[in-house]
């Protein structure tokens, strides 16, 4: 049965079981005006230029007794300066699940059945425990995140929670080249969460036909009212990614053995409104420094000959791996302007933030500044305007400096009603 067919069957079962429920709907919308500056690099054989476009998104989150659904209407390139791009509109079921309660042998069980996101990780810039489906972290424009087909059963003891889970990734649409190539996983797993004092502990075991066995875990420790440490890891017996071959072979999608992912970070805040998050992570599914060096050298050499330009361009597919580089350091700065001295209260509604993503092995840098301001607030609705940008730069031979995008600038309007 196709994913739309499964969702239709689930909807009919839910309607039949909960016909008496009360419907509550919350709406959000976002319009995003983007200016993309692109450039010629070793991984992009086109000349430099710019494209401007307008995208929009309307999302409805409906709650109907124990049923929750999130539906998105997305419109891309509603206005654009690129004559090769056409308007696209689509309706996406992000989530639709039923959460009944039952009892087994005297033990209360919380059940969840349907299409849903399972968020278990603790990281800000990277999430090793997104083992069912990966999501881009901290997008600057419009992004629609879908869940996977999942059935869970959880119960609580005196320390924390046990959770059984079965998932099917094919319920999510395939809207990227990587997603279309990847084999969709379906499997079963067990999760344990425990709160010990002021420390949160989590362990995960999961088995599917793609990765075989996956184990992972996380810890969050509150050291002081101002400082928290967090860490997470995951190991999988197999993983899918783009792989390099011999000099005159194109980059191919394939399966490899043994992937390790690890994240360590802190979250600190002071009484003057400054919040800093710092994280280091390693993603073994990505190309490391030596592999990227070889990729850039081969791309440069192969692009010199017309017969091998196709081989040269295939090395840009490495940019579609889950992480661009294996090692990263991120610093996130955010200022709560309302905590400033009273003489600066006219600034209290401004929300500035800055993300700095550094590749320590090759000197690459991605900078993402944001500034948002609420222009309307009431008890039932609100609207804010956000100016966001993302700049790819760093050492000349770094991966980030060879991204086709030089910089992205967004003007976002967001609202709830």
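The values are calculated or read from the model by the stated rules, or taken from the named source; none is laboratory data. Remember, it's a predicted structure, so these values are computed and weren't measured experimentally. Using ideal geometry, Cβ is built from the backbone for each residue, glycine included, and neighbour counts are taken over all protein chains shown.
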(request) Could you grab me the full set of residues in the stretch 89-139 that are more than 17 Å from residue 165 (Cβ to Cβ), without any contact (Cβ under 8 Å) to a residue 60 or more places away in the chain and either under 13 Å from the mean Cα position of the chain (by Cα) or in a loop (DSSP other than H, G, I, E, B) (or both)? (result) 105, 106, 135, 136, 137, 139
(request) Out of the residues in the stretch 284-302 that are in contact with a helix residue (DSSP H, G or I) (Cβ under 9 Å, 6 or more places away or on another chain) and buried (at least 18 other Cβ atoms within 10 Å of the Cβ), state the one that is farthest from residue 247 (Cα to Cα). (result) 286
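Under 30 Å from residue 106 (Cα atoms), buried (at least 16 other Cβ atoms within 10 Å of the Cβ) and touching a residue at least 60 places away in the same chain (Cβ under 8 Å): does that describe residue 193?
no
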(message) Any residue that is surrounded by 14 or more Cβ atoms within 10 Å (Cβ to Cβ), over 30 Å from residue 348 (Cβ atoms) and touching a residue at least 60 places away in the same chain (Cβ under 8 Å) - is there at least one of those in the stretch 269-280?
(response) no
(request) Kindly provide the set of residues from the stretch 351-394 that are exposed (fewer than 14 other Cβ atoms within 10 Å of the Cβ) and either within 20 Å of the chain's Cα centre (by Cα) or not in a strand (DSSP E or B) (or both), ordered by number. (result) 360, 378, 379, 380, 381
(message) Based on this model, can you work out whether residue 318 counts as touching a strand residue (DSSP E or B) at 6+ places or on another chain (Cβ under 8 Å), crowded, with 16+ Cβ neighbours inside 10 Å and at pLDDT 95 or above?
(response) no
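Condition check ((1) crowded, with 19+ Cβ neighbours inside 10 Å; (2) touching a helix residue (DSSP H, G or I) at 6+ places or on another chain (Cβ under 8 Å)) across all residues:
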| residue | (1), (2) |
| --- | --- |
| 43 | yes, yes |
| 69 | yes, no |
| 73 | no, no |
| 78 | no, no |
| 92 | no, no |
| 108 | no, no |
| 114 | yes, yes |
(request) Being closer than 15 Å to residue 87 by Cβ and either free of Cβ contacts under 8 Å to residues at least 40 places away in the same chain or assigned to a loop (DSSP other than H, G, I, E, B) (or both) is the filter here, so list the residues in the stretch 29-58 that pass it. (result) 51, 52, 53, 54
(message) Can you find a residue that is closer than 19 Å to residue 182 by Cβ and assigned to a strand (DSSP E or B) anywhere in the stretch 274-285?
(response) yes
